[in-house]
Amino acid sequence: MEFTLPSGPVPVFPLGRVYLFPHQVMPLHIFEPRYRRMVEDLLDGQGRLVLATVPDGEIETPNKPAGILPVAGYGEILRHQRLPDGRFMIWVLGLCRVELEEAASDRPYRRVTCRQFAEAEPSPGENGPLCDELRAAALQRIGQRDEPLELPAEASAAFLTDLLLQLLQLPSAAMATAFAEPSVARRARLALALARRAGPAAADE
């Protein structure tokens with residue numbers, strides 16, 4: 001999908017221990033009045049927003065905004081369902097990582113400006129071996145299924161790394177470090193090390 005980052009502020013939805021990865025589809029239940037208003041506003045436009053992570057120990061309230069981590073996921077509402085009482089179910093597709101800066105907001109919800117996240121791809125010499133390791137580690141975490149899952153042969157190291165990170169049940173601090181790492185090669189090695197430390201995935205019942 002081709003897209004450009006907006007030059008002006010965009011809505012931000014701060015959530016604890018939530019990371020929106022590129023290519024990930026995340027379902028969300030929207031029930032607070034300020035975020036219902038946010039969805040209403042988004043549905044009048046492109047439907048793009050930032051899902052930002054609130055650090056552990058902080059709580060976001062209307063009267064006391066929490067801190068948010070400086071790297072977050074920029075996404076687009078793929079589908080929405082308006083419930084009879086005004087709540088929403090939305091499904092957000094992650095488009096890319098972005099760096100954030102808080103912006104003024106005349107809405108009941110917060111807004112941020114987004115800067116491009118400068119991601120460095122692996123060198124040609126390390127890309128192939130990393131992809132092989134990442135693919136094997138991800139498939140091991142997924143486990144055995146009636147119909148084995150096939151990962152596309154052209155899947156990039158960045159995609160495979162993010163997939164592996166999503167499959168791991170990581171502490172918040174470890175996920176925050178990995179998510180914000182701009183070097184795909186370092187992020188991949190970190191994900192592989194975390195997978196080895198976590199041990200084999202539990203077998204499917």
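At a glance:
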item	result
Least to most buried among Leu192, Leu49 (fewest other Cβ within 10 Å first)	Leu192, Leu49
Total formal charge among the other residues, if their Cβ is under 10 angstrom from that of Gly16, Lys/Arg +1 and Asp/Glu -1	-2
For the range 90-203: span of alpha carbons on each principal axis (Å, largest first)	51, 33, 26
Rg/Rg_globular for the range 1-79, with Rg_globular taken as 2.2 N^0.38 Å and Rg from C-alpha atoms	1.09
Fewest-first sequence of Thr61, Thr177, Thr113 by Cβ atoms within 10 Å of each Cβ	Thr61, Thr177, Thr113
Placed amide H near Thr53: partners under 5 Å, 5+ positions off or other chain	Leu15, Leu69
Residues Asp106 and Ala174, FRET efficiency given R0 of 30 Å [Cβ-Cβ distance, rounded to 0.05]	0.20
Derived scalar couplings ³J(HN,Hα) [the range 67-72; Karplus, 6.51 cos²θ - 1.76 cosθ + 1.60; whole Hz; x for Gly, Pro]	x, 10, 5, x, 10, 9
For Ile59, Ile142, Ile68, order by how many other beta-carbon atoms lie within 10 Å, fewest first	Ile59, Ile142, Ile68
Rh by Kirkwood over Cα pairs, then Stokes-Einstein D for the chain at 0.692 mPa s and 37 °C, µm²/s	180
Net charge contributed by nearby residues that have their C-beta within less than 14 Å of Glu40 (K/R +1, D/E -1)	+3
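Read-outs throughout are calculated quantities, based only on the coordinates presented, and are distinct from any laboratory measurement. Keep in mind the model is a prediction, meaning the values are calculated, not measured. Counting neighbours? That spans all protein chains shown, and the Cβs are built from the backbone with ideal geometry, glycine included.
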